[in-house]
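The values are calculated or read from the model by the stated rules, or taken from the named source; none is laboratory data. Values in this document were obtained by computation on a predicted structure and should not be read as measured data. Using ideal geometry, Cβ is built from the backbone for each residue, glycine included, and neighbour counts are taken over all protein chains shown. With ligands, DNA and RNA removed, areas are computed over all heavy atoms of the protein, side chains included. Shrake-Rupley method; radii C 1.70, N 1.55, O 1.52, S 1.80 Å.
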Amino acid sequence: MPVEIARVATDAVAAFYRANEREALRALFDFSVVWHERTYDFAAIDGEVTIGAATIRIAASLAHVERVVVEPARRRDGIGRRLLDGAAEVASYYNCHKMTALVPLASGAQRFFEACGYREEAILPQHTFKLDVAVLRKFLL
């Protein structure tokens with residue numbers, strides 16, 4: 001009987017991943033991995049209105065900035081930087097040695113992250129939407 005490959009909803013494979021992922025990571029890295037992976041969200045709230053938000057993912061002592069969004073009228077007020085600082089505090093709590101972010105190369109986003117202490121680590125040519133992407137990092141420890 002041939003194996004069928006099917007597109008499924010995320011929750012349809014959750015139990016499979018729980019049962020098999022640790023062994024897959026052990027095989028990938030060739031050592032036993034203690035894998036803590038979790039997403040953390042942060043919000044900048046003015047009164048009762050959210051004016052900014054950020055999300056990081058922490059896995060295996062690394063933090064990755066998935067997004068930072070600030071309301072256009074409130075940009076350049078330090079809100080994005082404060083969101084990243086809050087995220088870095090949580091990352092440090094989990095002993096992350098660095099935080100990374102992927103942004104379009106030579107963009108306003110890259111300038112923002114660099115102003116927040118991030119440095120270019122690598123360039124991925126034509127990585128996302130056929131744009132060159134800068135991998136930025138900030139060491140925490």
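Quick one: grab the alpha carbon gyration tensor of the stretch 1-52, order the square roots of its eigenvalues as a ≥ b ≥ c, and give me rounded if a/c is under 1.5, else prolate or oblate depending on whether a/b is larger than b/c.
The shape class here is oblate.
Can you give the longest stretch of the chain with no exposed loop site, where a site means GluC sites (Glu not before Pro) in a DSSP loop (not H, G, I, E or B) with at most 10 other C-beta atoms within 10 Å?
That gives 49-141 as the longest site-free run.
Work out how much length ILE123 to ARG82 would gain on full extension: take 0.36 nm times their residue separation and subtract the Cα-Cα distance, in nm to one decimal.
Separation in residues times 0.36 nm, less the Cα-Cα distance, equals 12.1 nm.
What FRET efficiency, computed as 1/(1 + (r/R0)^6) with R0 = 41 Å and r the Cβ-Cβ distance, is obtained for THR55 and MET1, rounded to the nearest 0.05?
Computed FRET efficiency for THR55 and MET1 comes out at 0.45.
Over the alpha carbons of the stretch 17-141, what is the largest minus smallest coordinate on each principal axis, giving the biggest first in Å?
48, 37, 28
Where does each of ILE45, ILE5 land when they are ordered by accessible area, with a 1.4 Å probe and the largest first?
Working: ILE45 110, ILE5 155 Å².
In descending accessible area the options line up as ILE5, ILE45.
List the residues, sorted by chain then number, that are 5 or more residues from GLU71 or on another chain and whose placed amide H is less than 5 Å from its amide H.
Under 5 Å from the amide H of GLU71: GLY52.
Which of the chymotrypsin sites (Phe, Trp or Tyr not before Pro) found in the stretch 1-47 are in a DSSP loop and have at most 10 neighbouring Cβ atoms, other than their own, within 10 Å?
Taking the stretch 1-47 and a limit of 10 other Cβ atoms within 10 Å, the loop chymotrypsin sites (Phe, Trp or Tyr not before Pro) found are PHE31.
Determine the per residue accessible area of the chain with all protein chains present and a 1.4 angstrom probe, expressed in square angstrom. Please list the in-between numbers first.
Working: 10100 Å² over 141 residues.
Here the residues of the chain average 72 Å² of exposed surface.
Looking at the square roots a ≥ b ≥ c of the eigenvalues of the Cα gyration tensor of the stretch 31-76, which shape do they give, rounded for a/c under 1.5, prolate if a/b is larger than b/c, or oblate?
prolate
If you average the alpha carbon positions of the stretch 79-133 and of the stretch 34-58, how far apart do those two centres end up, in angstrom?
First find each Cα centre; the distance between them is then 15 Å.
Separation between the ASN95 and ARG111 pseudo-spin-labels, each 7 Å from Cα along Cα→Cβ, expressed in nm?
Taking the simple label geometry, ASN95 and ARG111 are separated by 4.0 nm.
For LEU105, enumerate residues with amide H under 5 Å from its amide H, sequence gap 5+ or separate chain, H modeled in the peptide plane.
Excluding prolines and chain starts, which carry no amide H, the hits are ASP132, VAL133, ALA134.
Nothing charged except the Cβ atoms of Lys and Arg (+1) and of Asp and Glu (-1): what's the magnitude of the dipole of the chain about its Cα centre? Round to the nearest 20 debye.
Here the size comes out at about 280 debye.
Please give the length that would be gained between VAL69 and VAL135 if that part of the chain were fully extended, namely 0.36 nm times their separation in residues minus their C-alpha to C-alpha distance (nm, one decimal).
Length difference between fully extended and current span is 21.9 nm.
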